[in-house]
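The values are calculated or read from the model by the stated rules, or taken from the named source; none is laboratory data. Treat the numbers as computed from the prediction; the structure is a model and nothing was measured. Cβ coordinates were reconstructed from backbone atoms using ideal geometry, including for glycine residues, and neighbour counts include every protein chain displayed.
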Amino acid sequence: MGITPHMLVGAAIGSQSPNLWAVFSLGFISHFMLDLLPHWDYLNAIKIDKPSHLVKIFLDAVLGSLLVLILILIYPQNILMIMTGLVAVLLPDVLQFLYNTFRFKILQPFSLIHHRIHYAQKISFWKGAPAVIVVSIVALFVLIFL
């Protein structure tokens, strides 16, 4: 699943709890729950080995950041919790990127678990987009209305 839906879910989790550790834990776990869903990915692995990969990741991260920034500006009372949710939900992909790029041995067990959890079948955009769209809409609903 792309960066934007993960960011929206992390922000939604952060907006709903005053407990920092609960937000971090739920944000981290939610990453894996989202990855279990059949979804479309624009990269086969979390490895930047082509300029087009960097562009896709950058644009996805900018979109997610802009949406979350707008929501923080509208609802500034939960900034710390929303940012904690963002960090937690993105941490698994950051760790996976570090393992794929630098092969840190300490991250190998995590990488294997992350890879096994991630929905393994490569599916087309049209088959995988509904999960991405539904997750994003639900997270936005939580952020705006709850």
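A search for C-beta distances below 6 Å between a residue of the stretch 51-63 that is touching a residue at least 24 places away in the same chain (Cβ under 8 Å) and any residue that is assigned to a helix (DSSP H, G or I), counting only pairs 6+ apart in sequence or on different chains, returns Asp60/Ile3; Asp60/Thr4; Ala61/Ile3; Leu63/Thr4. For the stretch 64-84, what are the residues that are surrounded by 15 or more Cβ atoms within 10 Å (Cβ to Cβ) and of a type in the set (A, V, I, L, M, F, W, C)? If the condition is that a residue be surrounded by 15 or more Cβ atoms within 10 Å (Cβ to Cβ) and of a type in the set (A, V, I, L, M, F, W, C), then Leu67, Val68, Leu71, Ile72, Met81, Ile82, Met83 are the ones that fit. Applying the set (1) under 18 Å from Ile137 (Cα atoms); (2) not in a helix (DSSP H, G or I) to Asp60 leaves exactly one unmet item: (2).
Looking only at the stretch 110-119, which residues are touching a residue at least 24 places away in the same chain (Cβ under 8 Å) and either touching a strand residue (DSSP E or B) at 6+ places or on another chain (Cβ under 7 Å) or part of a helix (DSSP H, G or I) (or both)? Let's see the steps before the verdict.
At the first step, the residues of the stretch 110-119 found to be touching a residue at least 24 places away in the same chain (Cβ under 8 Å) are 114, 117-119.
Within the stretch 110-119, His114, Ile117 qualify.
Going by the structure shown, is Leu107 part of a helix (DSSP H, G or I), farther than 18 Å from Val132 by Cα, free of Cβ contacts under 8 Å to residues at least 24 places away in the same chain and of a type outside the set (D, E, K, R)? Can you show your working first?
Values: part of a helix (DSSP H, G or I): yes; farther than 18 Å from Val132 by Cα: yes; free of Cβ contacts under 8 Å to residues at least 24 places away in the same chain: yes; of a type outside the set (D, E, K, R): yes.
Answer is yes for this residue.
Taking the criterion of being among the polar types (S, T, N, Q) and in a helix (DSSP H, G or I), the residues of the stretch 1-34 that qualify are Thr4, Ser15, Ser25, Ser30.
Taking first residues from the stretch 120-145 that are free of Cβ contacts under 8 Å to residues at least 60 places away in the same chain and partners that are part of a helix (DSSP H, G or I), no Cβ contact under 7 Å between residues at least 6 apart in sequence or on separate chains turns up. When Leu67, Leu80, Leu20 are checked against the criterion of being in contact with a helix residue (DSSP H, G or I) (Cβ under 7 Å, 6 or more places away or on another chain) and more than 16 Å from Leu140 (Cα to Cα), Leu20 stands alone in meeting it.
Candidates Leu86, Leu146: the one that is at pLDDT 90 or above and out of contact with any Cys (no Cβ under 7 Å at 6 or more places or on another chain) is Leu86. For the stretch 73-104, what are the residues that are charged (D, E, K, R) and assigned to a loop (DSSP other than H, G, I, E, B)? Answer for the stretch 73-104, where residues must be charged (D, E, K, R) and assigned to a loop (DSSP other than H, G, I, E, B): just Arg103. Going by the structure shown, is Leu95 without any contact (Cβ under 8 Å) to a residue 40 or more places away in the chain, among the hydrophobic types (A, V, I, L, M, F, W, C), surrounded by 14 or more Cβ atoms within 10 Å (Cβ to Cβ) and touching a Ser or Thr at 6+ places or on another chain (Cβ under 9 Å)? Yes: the conditions hold for Leu95.
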